[in-house]
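Trainee: First, the structure itself, so that you have it in front of you.
We did not get these values from a lab; they are worked out from the coordinates using the rules stated. It should be emphasised that the depicted structure is a prediction, and the values quoted were computed from it without experimental measurement. Cβ: placed from backbone, ideal geometry, glycine included. Neighbour counts: every protein chain shown.
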Amino acid sequence: MRPYYLLEERLLRRNLELISTVARESGAEIILAFKAFALWRTFPIFRDYISHTTASSLAEARLAREEFGSLAHTYSPAYTDEEFPDIIRCSSHLTFNSLSQFARFWPAVRSFRDHQVSCGLRINPEYSEIETELYNPCAPGSRFGLLAGQLPDELPDGIEGFHCHCHCESSAEALQHTLQHLEEKFAPWLDRIAWLNLGGGHLMTRRDYDIPLLIRLLRDLQARHPRLRLILEPGSAFAWQTGTLVAHVVDVVENRGIRTAILDVSFTCHMPDCLEMPYQPAVRGAESLPADYVKTAARGEHVYRLGGNSCLSGDFMGSWRFPGPLQIGDELVFEDMIHYTTVKTTMFNGITHPDLVLERLDGTREVLRRFTYEDYRDRMD
């Protein structure tokens, strides 16, 4: 009885088919952001639908070249002298966060001969509808991107594109508003560059997302700026609602009337976004209740807080109502735990790390990775 992440190929292909349809009908290229999903054993599935990926580090850029099989669209807040030669080798596009970074590394790009590399600048439209500041790249004082007032009238030789990212699981309407600000602030340059990367956060696979509006916005933007090649790099949209985290109850404790079911997984280790955002995930077969409800639940109600198996005091969430009392060994299924979850896990406390499992189209299950003591030990070596 081990915990495991379960990715369903059927659901993944459903999302990929929708995304490829949007790309075809809008004329934009849509690429996978590794920061949200990087299970490289599934890349053969992705290659049936998309051709490129986006990287935010040397490791991700290498993953693009060596495992996905194509060069990365790479952006980093700051490149280093030590890593930059390998980043060039693995990238087709390089976005710089500042003019000083571009000036520092442009000579290396200009002299690179193995393949063509297109350079761009990250821009900041000073507008975002993201309410959680932890995820807002356009918050006042942000370290990301250049404001319009910081750009020269003539872009430096070698700059061919702009990169803008200001969404997080956002709607097509949010993109519509963003484009209004972006075009207003950066109009003088948009007809001089070759590509515009609109970043990630476009949650087009969410049930209520307005796909026709997204396609229309991209087509209209292309019509207004015919030279621009449009790129989107969502992460969550690819793996949205494609899989679960399966855990088990290992104990039930009670303190001042609050019952906590302790699991063989951890929120801080295996579901960190729940604590960062924060948000309470859906548990299959259980009713999600207001977080503090567990404190006032009636004695006959089967209401529990769920606790992780780490020594962090705050490694818990609540409250859920279950159809009956929880028993040791019961299986709990956390819904939608693939995107931005599998990439953020840690081995804090050395707690058993969930296996990575892929359910194929025929219903068979393949264990992609089973983590061992040696994985934990070797991280400290």
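Trainee: Pick from GLY201, GLY120, GLY158: which is most flexible by mean-square fluctuation in a GNM of the chain where alpha carbon atoms under 10 Å apart are linked?
Mentor: GLY158
Trainee: Take the alpha carbon atoms of segment 21-83, find their center, do the same for segment 229-284, and report the distance between the two centers in whole angstrom.
Mentor: That distance is 25 Å.
Trainee: Same structure, new question: On C-alpha positions alone, give me the angle between the axis of helix 172-190 and the longest principal axis of the chain, in degrees, nearest 10.
Mentor: The answer is roughly 30 degrees.
Trainee: For the Cα atoms of the chain, what angle does the longest principal axis make with the long axis of helix 211-224, in degrees from 0 to 90, nearest 10?
Mentor: 20 degrees
Trainee: Same structure again: Express in nm, to one decimal, how much length is gained between GLN116 and ALA187 on full extension, taking 0.36 nm for each residue of separation and deducting their alpha carbon distance.
Mentor: Difference between extended and current length: 22.9 nm.
Trainee: Among 171-178, 32-39, how do they line up by average Cβ neighbours within 10 Å per residue, starting with the highest?
Mentor: Highest to lowest by the protection proxy: 32-39, 171-178.
Trainee: Okay, next question. For segment 33-138, what class follows from the C-alpha gyration tensor (a ≥ b ≥ c being the square roots of its eigenvalues): rounded when a/c is under 1.5, otherwise prolate if a/b is larger than b/c, else oblate?
Mentor: Judged from the Cα gyration tensor, segment 33-138 comes out oblate (a/c at least 1.5, b/c at or above a/b).
Trainee: Further question on the same structure: Mind sorting out which of [x] 70, 43, 43; [y] 64, 58, 41; [z] 62, 45, 42 is the real Cα extents along the principal axes in Å computed from the coordinates?
Mentor: Recomputing Cα extents along the principal axes in Å here picks out [x].
Trainee: Placing +1 at every Lys and Arg Cβ and -1 at every Asp and Glu Cβ, with all other atoms neutral, what dipole size does the chain have around its Cα centre, in debye to the nearest 20?
Mentor: With Lys and Arg at +1 and Asp and Glu at -1, about 300 debye.
Trainee: Follow-up. Of the DSSP beta bridges with both residues in segment 192-324, give the percent that are antiparallel, rounding to the nearest 5.
Mentor: The antiparallel fraction comes to roughly 70 percent.
Trainee: If you don't mind, another one. How high is the relative contact order of segment 9-239? Use alpha-carbon pairs under 8 Å, at least six apart in sequence, and give a whole percent.
Mentor: 21 percent
Trainee: A further question follows. Please figure out what share of the DSSP beta bridges in the chain is antiparallel and state it in percent, rounded to the nearest 5. Don't skip to the end; give the middle numbers.
Mentor: Numbers: 27 of 61 bridges.
That works out to approximately 45 percent antiparallel.
Trainee: Let me ask something additional. Can you tell me which of ASN309, ASN349, ASN136 moves the most in a GNM of the chain? Springs connect C-alpha atoms under 10 Å apart.
Mentor: ASN349
Trainee: Springs between alpha-carbon pairs under 10 angstrom, Gaussian network model over the chain: which of HIS202, HIS73, HIS225 fluctuates most?
Mentor: The residue that fluctuates most here is HIS225.
Trainee: What does the charge count near ALA172 come to, summing +1 for each Lys or Arg and -1 for each Asp or Glu among other residues with Cβ under 15 Å from its Cβ?
Mentor: For residues surrounding ALA172, the net value is -3.
Trainee: Still on this structure, please answer the following. Give me the percent relative contact order of segment 1-125, please, defined on Cα pairs under 8 angstrom at least 6 residues apart. Mind showing how you got there, number by number?
Mentor: Working: 155 pairs, mean separation 20.3, N = 125.
In percent, rounded to a whole number, it is 16.
Trainee: Quick check: the angle from helix 99-110's long axis to the longest principal axis of the chain, C-alpha only, nearest 10 degrees?
Mentor: For helix 99-110, the angle is close to 70 degrees.
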